[in-house]
There are 2 protein chains.
Amino acid sequence: MELNRDSQTPYSADRAEKHIIRKLGLKVTTQRLAILKALKGNRGHFTAQEVYETVSGPYPLIGFATIYRFLRLLSEHGFVTEVRLGGLPARYEWKTKQHHDHLTCQQCGFICEFEDPQIEALQNEVAKKFGFALTHHVLELYGICTTCQKKRIPT
Amino acid sequence: MELNRDSQTPYSADRAEKHIIRKLGLKVTTQRLAILKALKGNRGHFTAQEVYETVSGPYPLIGFATIYRFLRLLSEHGFVTEVRLGGLPARYEWKTKQHHDHLTCQQCGFICEFEDPQIEALQNEVAKKFGFALTHHVLELYGICTTCQKKRIPT
DNA sequence: AAGAAAAATGAGAATGAATCTCAACAAGGT
DNA sequence: ACCTTGTTGAGATTCATTCTCATTTTTCTT
């Protein structure tokens with residue numbers, strides 16, 4: 001890999017990313033920095049494939065092994081949320097925002113994020129009732145969004 | 001396939017199963033009956049593999065293609081719930097019981113079922129707020145069950 | 001700055017769930 | 001019993017993800 005030679009911006013603005021990587025007890029590499037930047041980019045909800053495409057602009061030589069490995073580490077350490085729906089490829093989302101759940105349109109895939117403290121509280125109740133120590137949860141609502149409801153062709 | 005010849009019990013108790021298959025507009029076959037019986041067996045939460053193993057006792061010659069095909073049909077028509085967690089094989093569950101959600105132990109895989117009308121109601125609120133027409137939802141709680149909490153080896 | 005030890009990378013192979021193909025076969029109506 | 005049409009299953013195929021391991025990079029030490 002020859003890419004690392006001058007890949008850092010001169011007045012390196014990678015502070016935050018490097019810090020995250022070190023927190024995980026890992027070595028700082030160009031690839032890991034690139035993945036972090038991609039994830040933090042506004043779009044959210046990346047598949048591994050999409051991370052690859054984003055990262056492959058500036059750094060053509062990155063392998064899927066590296067992407068999957070690092071995504072797994074990030075998700076194990078809670079920096080990233082992994083969402084798997086249906087049999088589709090997993091989607092990874094950077095956890096800046098506090099916890100939230102998803103409302104997905106089945107027609108167009110549009111995703112709304114929401115957070116409902118009342119629901120969270122009730123979940124804890126349920127867990128307590130069964131004697132479980134709750135670690136996390138997944139709440140995914142599915143429906144048809146406003147736009148698609150209008151578009152709908154009558155059958 | 002030679003199995004079908006005398007596979008039906010003499011005073012066929014397959015009424016219910018046959019009825020379901022016909023409701024789907026499908027032909028009644030030994031394989032489909034066997035799959036239905038397996039699913040309705042008490043254990044619930046089957047993987048395709050487990051269905052295969054269960055069915056393969058009395059009917060050794062069943063293929064995975066048949067199992068997957070039929071499970072998909074059943075789930076599309078709402079007779080079966082398909083649950084996919086992590087990257088694990090999908091689990092299929094017969095829907096006798098009314099809707100419910102899951103509380104899963106991360107250590108041992110033990111699954112509790114629960115149903116909470118308050119949570120359901122709040123979910124509808126959320127959907128309404130975003131203008132979605134809700135079709136269904138998945139709520140999966142994860143934690144450590146009572147037994148595993150005790151077993152826990154201090155690290 | 002140079003060297004050594006340890007960790008990370010990536011090409012390609014391997015895995016494993018799920019789907020597809022298509023020739024042989026069975027079900028249901030007549 | 002016949003015939004049409006739907007169903008089956010062995011094996012190939014797909015596709016996401018993980019593994020392997022020789023090569024390269026990072027980081028620590030001096």
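Looking at segment B:108-150, which of its residues are at pLDDT below 85, surrounded by fewer than 14 Cβ atoms within 10 Å (Cβ to Cβ) and either more than 7 Å from chain A (Cβ to nearest Cβ) or in contact with a Lys or Arg (Cβ under 9 Å, 6 or more places away or on another chain) (or both)? Those that are at pLDDT below 85, surrounded by fewer than 14 Cβ atoms within 10 Å (Cβ to Cβ) and either more than 7 Å from chain A (Cβ to nearest Cβ) or in contact with a Lys or Arg (Cβ under 9 Å, 6 or more places away or on another chain) (or both): B:C108, B:G109, B:T147, B:K150. So, of the residues in segment B:115-148 that are part of a strand (DSSP E or B) and free of Cβ contacts under 8 Å to residues at least 24 places away in the same chain, which turns out to be nearest to A:F132 (Cα to Cα)? Ranking the candidates gives B:H137 first.
For segment A:58-70, which residues satisfy the criterion of being more than 7 Å from DNA strand D (Cβ to nearest atom) and modelled with pLDDT of 95 or more? If the condition is that a residue be more than 7 Å from DNA strand D (Cβ to nearest atom) and modelled with pLDDT of 95 or more, then A:T66, A:I67, A:R69, A:F70 are the ones that fit.
Scanning segment B:61-98 for residues that are among the aliphatic types (A, V, I, L, M), more than 19 Å from B:G41 (Cβ to Cβ) and not in a helix (DSSP H, G or I) yields a count of 3. Within segment A:30-49, if we keep just the residues that are open to solvent by 40 Å² or more (accessible area, probe 1.4 Å) and touching a residue at least 24 places away in the same chain (Cβ under 8 Å), the residue that is nearest to DNA strand D (Cβ to nearest atom) turns out to be A:Q49.
Being basic (K, R) and more than 10 Å from chain B (Cβ to nearest Cβ) is not true of A:R84. How many of the residues making up segment B:34-53 are touching a Lys or Arg at 6+ places or on another chain (Cβ under 7 Å) and within 12 Å of DNA strand C (Cβ to nearest atom)? Number satisfying all stated conditions: 2. Filtering segment A:75-94 to residues that are more than 12 Å from DNA strand D (Cβ to nearest atom) and either assigned by TED's automatic domain parsing to the domain that holds A:H136 or touching a residue at least 24 places away in the same chain (Cβ under 8 Å) (or both) leaves A:H77, A:F79, A:V80, A:E93, A:W94. Among the residues here, B:T96 qualifies as farther than 14 Å from A:Y142 by Cβ and either more than 10 Å from chain A (Cβ to nearest Cβ) or open to solvent by 60 Å² or more (accessible area, probe 1.4 Å) (or both).
Just the residues that are in contact with a Lys or Arg (Cβ under 9 Å, 6 or more places away or on another chain) and away from DNA strand C (no atom under 16 Å from the Cβ), please, taken from segment A:73-102. The answer is A:G78, A:T81, A:E82, A:V83, A:R91, A:W94, A:T96.
The values are calculated or read from the model by the stated rules, or taken from the named source; none is laboratory data. Being a predicted model, the structure only gives us computed values, none of them experimental. So basically every Cβ, Gly included, is an ideal-geometry build from the backbone, and we count neighbours across all protein chains shown. Just the protein is used for accessible areas: all its heavy atoms, side chains included, with ligands, DNA and RNA removed. Shrake-Rupley method; radii C 1.70, N 1.55, O 1.52, S 1.80 Å.
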